[in-house]
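Report on the structure given below.
The values are calculated or read from the model by the stated rules, or taken from the named source; none is laboratory data. A quick note: this is a predicted structure, and the numbers were derived from the prediction, not measured. Backbone-built Cβ (ideal geometry, glycine too); neighbour counts: all protein chains shown. Quick note on the areas: whole protein, heavy atoms, side chains included, nothing else; ligands and nucleic acids left out. Shrake-Rupley method; radii C 1.70, N 1.55, O 1.52, S 1.80 Å.
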Amino acid sequence: QVQLVESGGGLVQAGGSLRLSCAASGRTFSAYAMGWFRQAPGKEREFVAAIIWSADITSYADSVKGRFTISRDNAKNTVHLQMNSLKPEDTAVYYCAAAMGPPILYSATYDYWGQGTQVTVSA
């Protein structure tokens, strides 16, 4: 089983930046991909970004392309989400998740989830 620990959420003004981190741990780490999803009040949980671990292949939602960057640190089994040029519409609870296989754009694919971290962007 994979355990995920998130950090880095907070309150920022529009145009600011935050860096989220998600550390994966367990007896063995064999996740196919790690991803970030977000959920705002009254909204469905939506895909933000994901990375296929071994291949270092990334995917992004159209709404965050050019602003967010997902990356991995193999030594620490950690995935990061660098969020720049934040907008009020980015406000949501952000969840880190691990998938054991494809496809990576759907929340149902992911078997393990972090606790969620609040990101609030003020206008």
Problem - Pick from the stretch 100-123, criterion in contact (Cβ under 8 Å) with a residue 40 or more places away in the chain, hydrophobic (A, V, I, L, M, F, W, C) and out of contact with any Gly (no Cβ under 7 Å at 6 or more places or on another chain), ranking: farthest from Gly8 (Cα to Cα) - result: Met100
Exercise for the section: Looking only at the stretch 49-57, decide whether some residue is within 15 Å of Glu89 (Cα to Cα) and either open to solvent by 30 Å² or more (accessible area, probe 1.4 Å) or touching a residue at least 24 places away in the same chain (Cβ under 8 Å) (or both). Expected result: no
Fill in the blank from the handout: Residue hits (the stretch 70-98; of a type in the set (Gly, Ala, Ser) and either exposed (fewer than 14 other Cβ atoms within 10 Å of the Cβ) or more than 16 Å from Ser25 (Cβ to Cβ) (or both)) are Ser71, Ala75, Ser85, Ala92
Practice task
Of the conditions (1) within 20 Å of Gln118 (Cα to Cα); (2) crowded, with 16+ Cβ neighbours inside 10 Å; (3) among the charged types (D, E, K, R), Arg67 clears all except one; give me its number.
Solution key: (2)
Practice task
Kindly indicate which of Ala49, Ala31, Ala75 is in a loop (DSSP other than H, G, I, E, B) and closer than 19 Å to Glu6 by Cα.
Solution key: Ala31
Practice task
Could you tell me whether any residue of the stretch 3-12 is touching a helix residue (DSSP H, G or I) at 6+ places or on another chain (Cβ under 8 Å) and either among the polar types (S, T, N, Q) or not in a loop (DSSP other than H, G, I, E, B) (or both)?
Solution key: no
Practice task
Answer with yes or no whether Val93 is of a type outside the set (Ser, Thr, Tyr) and in contact (Cβ under 8 Å) with a residue 40 or more places away in the chain.
Solution key: yes
Practice task
Confirm whether Arg45 is farther than 18 Å from Ala24 by Cα and not aliphatic (A, V, I, L, M).
Solution key: yes
Completion exercise
Note: among Ser59, Ser54, Ser107, Ser122, just one is modelled with pLDDT under 95, touching a strand residue (DSSP E or B) at 6+ places or on another chain (Cβ under 8 Å) and small (Gly, Ala, Ser), namely Ser107
Exercise for the section: For the stretch 5-26, state whether one or more residues are hydrophobic (A, V, I, L, M, F, W, C), in contact with a Cys (Cβ under 8 Å, 6 or more places away or on another chain) and open to solvent by 60 Å² or more (accessible area, probe 1.4 Å). Expected result: yes
